[in-house]
Amino acid sequence: MRTKWAVFLIFCAYVLALAALAVPAGAAAERIELPALMYHHISPDPARSGAYVITPAELEADLRWLRDNGYESVGICELVDWEKGGELPEKPVLITFDDAQESFRVYALPLLEKYGMRAVVAVVGAFADEYSANGDTNPAYAYMSWDAIAQIAASGRVEIASHTQNMHSVGEGRDGCRIRPGESGTEYAAALNADLAEVEASIERAAGSAPAVFAYPYGFTCPEAERVLADRGYAAALTCSERVNILTREPGELLRLARFNRASGTPPPLW
């Protein structure tokens, strides 16, 4: 009996060895770890630092740490290519900035150029409309105009994302772009489609192409929104869940990308 059992174990080991040899080359790359970082406002005044405001020095320290530790920033287009069988760097990272504030253009863009990094910048159409009309470019509080958005898009360092036209609010009848209680799926889809059509048209005029990525305002997600985004052809969507993304080429996985919020004084778990 012991001899038969030993023979059986040897046979199992042989089968497992054959299975390992049969794994296609590059199969290990079917699983990618993708950390994503979420930034907002940048201020040189340390007194303003907080959950959604960091200093230029903190941002530079982040970019330097990423570079020195072998991370390479990637864009949504590269993630889409990988989903189709393409390649990614050994240690990819996705860098994102929500709201498209003027402080990005003044402080962040030069640092991205210095460290050879790229970023996704999510634009709220209503904010860009307002600051295009009033001409205010004070980096302490202003949002970028459409001309400024065109400038950063032309830099080759920035991918422009949609952050809705006018759904960046809470407690005003709707939380972000989430479906309202009692709202029918048809009503909701019509409202979100109308909002997205407006901001997409403005982004296309400024950046030269319609956005392929969407950032959920305040991280408020819902299945109904994901369906609208997929129907409109968005390749990716950014949430506010905080974890490292494990990508396996599962269909639709880029529509649920998680990000670590970068609060001042509290570096993300990568550090």
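Just so it is clear, none of the values below were taken in a lab; they were calculated from the coordinates. Note that the structure is predicted; figures quoted are calculated from it, not measured. In this analysis, Cβ positions are derived from the backbone assuming ideal geometry, glycine residues included, and neighbour counts consider all displayed protein chains.
Is it possible to state the helix-based mean residue ellipticity at 222 nm for the chain, with each DSSP H run of 4+ residues giving -39500 (n - 2.57), the sum divided by total residues, to the nearest 500 deg cm²/dmol? What is it?
On the way: 8 runs with 100 residues, N = 271.
Result for the chain: -11500 deg cm²/dmol, rounded to the nearest 500.
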- [ ] Would you mind computing, in nm to one decimal, how far apart the modelled labels at Ala47 and Glu87 are, each placed 7 Å from Cα along Cα→Cβ?
- [x] 5.2 nm
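Rounded to a whole number of µm²/s, how large is the Stokes-Einstein D of the chain at 4 °C and 1.567 mPa s, given Rh as the Kirkwood radius over C-alpha pairs? It would help to have the intermediate numbers written out before the result.
Details: Rh = 20.2 Å.
Roughly 64 µm²/s, to the nearest whole number.
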TODO: Mind jotting down the three principal axis lengths of the range 174-271 based on Cα atoms? Whole angstrom, largest first.
DONE: 43, 37, 31
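Across all directions of projection, what mean area in square nanometres is found for the Cα convex hull of the range 226-271?
One quarter of the hull surface, i.e. the mean projection, equals 3.9 nm².
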TODO: Against the globular-protein guess of 2.2 N^0.38 Å, express the Cα radius of gyration of the range 126-227 as a ratio, rounded to two decimals.
DONE: 1.14
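Sorted by packing (mean other beta-carbon atoms within 10 Å per residue), highest first, where do 64-75, 179-190, 99-110 land?
On the way: 64-75: 16.0, 179-190: 12.7, 99-110: 22.4.
In decreasing order of mean packing, 64-75, 179-190, 99-110 become 99-110, 64-75, 179-190.
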TODO: At q = 0.24 Å⁻¹, work out log10 I(q)/I(0) for the range 98-165 with the Debye formula, treating every Cα as an identical point scatterer and leaving solvent out; two decimals please.
DONE: -1.02
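What's the FRET efficiency of Thr248 with Asn134 using the Cβ-Cβ distance as r and R₀ = 41 Å, to the nearest 0.05? List each step's numbers first, then the result.
Numbers: r = 46 Å, r/R0 = 1.13.
Rounded to the nearest 0.05, the efficiency is 0.35.
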Task: Percentage relative contact order, the chain, counting C-alpha pairs under 8 Å, at least six apart - done: 22 percent
Task: Difference of contour (0.36 nm per residue) and Cα-Cα distance, Asp147 to Asn193 - done: 14.1 nm
TODO: Give the order of Ser202, Ser169 when sorted by the count of other beta carbons within 10 angstrom, beginning with the fewest.
DONE: Ser169, Ser202
